[in-house]
Amino acid sequence: MTTRKKTRKKTRQNVVYGRIYVQSTFNNTLITVTDRSGNVLAWNSGGTEDFKGSKKSTAFAAQQAATKLAQRAGDFGIQEVEVFVKGPGAGRDSAIRSISNSGIKVKSIRDVTPVPHNGCRPPKRRRV
């Protein structure tokens with residue numbers, strides 16, 4: 001006789017206020033929705049929206065990913081968000097714009113890009 005572990009079914013929690021983290025790199029844009037304490041509710045990226053290669057890093061891919069993620073965040077009952085943006089990529093502004101256009105109220109936008117206070121030596125300049 002085998003004993004099975006009892007697993008609880010995940011229930012959809014009703015969260016009114018959340019946070020959205022937009023990490024925009026030169027290769028992709030990752031967008032994550034969390035509750036106030038930082039527990040991840042949903043995430044999406046340009047790559048999961050069937051954009052491959054250099055198209056992942058475009059503003060259009062970030063817009064599509066943010067629109068679909070905003071719909072999923074609406075399923076959790078999120079109405080108001082704080083947005084934290086990190087990185088130098090092209091999808092920063094279009095992701096924020098599509099989140100606000102989807103009906104979620106953007107309370108604040110904060111840039112949390114790490115800036116060195118003269119730490120490590122940067123890589124050599126690109127010659128294109």
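Heavy atoms only, probe 1.4 Å: what % of the accessible area of the chain goes to carbon and sulfur, would you let me know?
Of the solvent-accessible surface of the chain, carbon and sulfur hold 50 percent.
To test your reading of the geometry: what angle, between 0 and 90 degrees and rounded to tens, separates the Cα axis of helix 92-101 from the longest principal axis of the chain?
Here the helix axis deviates by roughly 40 degrees.
Read through the labelled values [x] 24, 18, 13; [y] 19, 16, 13; [z] 30, 19, 17 and report the label of the one computed as semi-axes √(5λ) of the Cα gyration tensor in Å from the structure.
Computed from these coordinates, semi-axes √(5λ) of the Cα gyration tensor in Å corresponds to label [z].
With the other protein chains left in place, how much accessible area per residue, in square angstrom, belongs to the stretch 22-107 at a 1.4 angstrom probe? If you can, show how the numbers build up before the last one.
On the way: 4360 Å² over 86 residues.
With all protein chains present, the stretch 22-107 gives 51 Å² per residue.
Computed FRET efficiency, Cβ-Cβ of residue 106 and residue 26, R0 30 Å: what is it to the nearest 0.05?
With R0 = 30 Å, the Cβ-Cβ based efficiency is 0.75.
In straight Cα distance, which aspartates and glutamates are under 19 Å from residue 68, not counting same-chain residues fewer than 8 positions off?
Within the straight-line limit of under 19 Å, residue 68 reaches these aspartates and glutamates: 35, 49, 50, 80, 82, 93.
Would you kindly find the accessible area of residue 110, with a 1.4 Å probe and non-protein molecules such as ligands, DNA and RNA excluded, rounding to the nearest 10 Å²?
The accessible area comes out at roughly 120 Å².
Determine the percent antiparallel among the DSSP beta bridges restricted to the chain, to the nearest 5.
Working: 11 of 24 bridges.
If we restrict to bridges inside the chain, about 45 percent are antiparallel.
Solvent-accessible area of residue 107, probe 1.4 Å, all protein chains present, reported in Å² to the nearest ten, please.
So the heavy atoms of residue 107 present about 130 Å² to solvent.
Using a Förster distance of 35 angstrom, determine the FRET efficiency expected from the C-beta separation of residue 115 and residue 54, and round it to 0.05.
0.85
Would you mind checking the tilt of helix 59-75 against the longest principal axis of the Cα atoms of the chain, expressed as 0 to 90 degrees and rounded to 10?
Result, in degrees: 20.
Taking R0 as 25 Å, what FRET efficiency do you get between residue 97 and residue 16 from their Cβ-Cβ distance, rounded to the nearest 0.05?
Result of the calculation: an efficiency of 0.65.
The values are calculated or read from the model by the stated rules, or taken from the named source; none is laboratory data. Quick caveat: nothing in here was measured; it's all calculated off a predicted structure. Note that we place each Cβ from the backbone using ideal geometry, even for glycine, and neighbour counts take in every protein chain shown. Areas reflect the complete protein model, heavy atoms only, side chains present, ligands, DNA and RNA absent. Shrake-Rupley method; radii C 1.70, N 1.55, O 1.52, S 1.80 Å.
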